[in-house]
Each structure stands twice: as C-alpha cells, then as structure tokens.
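Shown next, in structure tokens, is the structure this report addresses.
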Amino acid sequence: MTEVKKRIRRTAEERLADLEKKQTEILERQRAALAKIESAKKKIMQTPAVQKRNLELEKRFGRAAKVVAPEWDHRHYIAAIEKVLADSADAADLSVRGEALLEEHGKARRGRRSKVG
C-alpha cells in the first residue's frame with residue numbers, strides 16, 4: 001500500500017520564468033560587484049599622490065594654453081574640443097601632439113621672477 005508520489009511536470013512557461021528570474025538575480029549581483037569595483041577605483045583616485053599629480057597636470061595645461069592661445073578662455077576651448085570631435089580626429093594622434101605641446105609649453109619656469117607690474 002505504499003503510495004507512489006506522482007511527479008508534477010512544469011510547463012515550458014514556468015521553466016522559462018524561472019530562468020528569467022535566475023538571470024535577473026545574476027545581473028543584480030554583477031551590478032553590485034561592478035559598483036564595488038567603481039567605488040574602489042574612486043577611492044584610489046582620491047589619494048594625495050594622485051591629487052597632487054592631477055593638480056600638476058592642470059597647472060601644466062593652464063600654462064600651455066596661455067602660451068598657445070593667450071586670448072582664449074574656457075568657452076573657446078570647449079568649442080575647439082567639440083569641433084575636433086565633430087571632425088572625428090584620431091585620438092592617438094591628438095594625444096601625442098598634446099603631450100608634445102605640454103612638454104614644450106607646460107613646464108614651470110625656473111628661478112626667481114621679477115616683481116614688475
């Protein structure tokens with residue numbers, strides 16, 4: 001008199017719903033992991049050494065910009081960047097040229113400065 005349990009078969013729709021649920025759970029875990037990685041990267045970028053390097057790069061950019069185009073301000077630079085991007089210039093070539101200009105014009109002048117004017 002042992003009663004045999006009857007196996008209940010799930011429909012294809014039920015199995016598909018389970019797979020979709022599993023997929024959303026996996027995607028949520030991935031998003032959480034990526035957010036954790038991004039926060040770690042942001043934390044690394046906030047270290048004093050990196051901040052000091054970024055500040056020096058900003059100063060170099062300012063010095064080079066004054067030499068190359070002394071009458072331009074931020075509006076001109078943004079417009080120039082937009083124009084170059086619209087012309088679809090090669091980023092590698094621009095990077096090499098920009099590095100050369102920063103090397104040439106971006107260095108701080110050494111020595112004492114006269115206090116004229």
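Calculated FRET efficiency, residue 13 and residue 33, Cβ-Cβ r, R0 35 Å, to nearest 0.05?
Efficiency, from the Cβ-Cβ distance: 0.70.
From the convex hull of the Cα coordinates of the chain, what is the mean projected area in square nanometres?
Here the figure is 16.6 nm², rounded to one decimal.
Which one, 29, 63, 53, has the greatest fluctuation when you compute a Gaussian network model over the chain with C-alpha springs under 10 angstrom?
Maximum among the listed residues: 29.
Using the Karplus curve 6.51 cos²θ - 1.76 cosθ + 1.60 with θ = phi - 60°, what ³J(HN,Hα) values do you get for each residue of the range 31-48, in whole Hz, with x for Gly and Pro?
Karplus values, whole Hz, x for Gly and Pro: 4, 5, 5, 5, 5, 5, 5, 4, 5, 5, 5, 5, 5, 5, 6, 9, 5, x.
Specify the residue with the greatest mean-square fluctuation among 19, 85, 102, computed from a Gaussian network of the chain linking alpha-carbon atoms under 10 Å apart.
19
Which FRET efficiency value, to the nearest 0.05, is calculated for residue 50 and residue 94 with the Förster distance at 22 angstrom and r the Cβ-Cβ distance?
0.40
Highest GNM mean-square fluctuation, the chain, Cα pairs closer than 10 Å: which of 21, 59, 43?
In the Gaussian network model the winner is 21.
Rule-based calculations on the coordinates, nothing more; no lab input. Everything numeric here is computed off the predicted structure, so don't read it as measured data. FYI the Cβ positions are ideal-geometry reconstructions off the backbone, even for glycines, and counts take in every protein chain you see.
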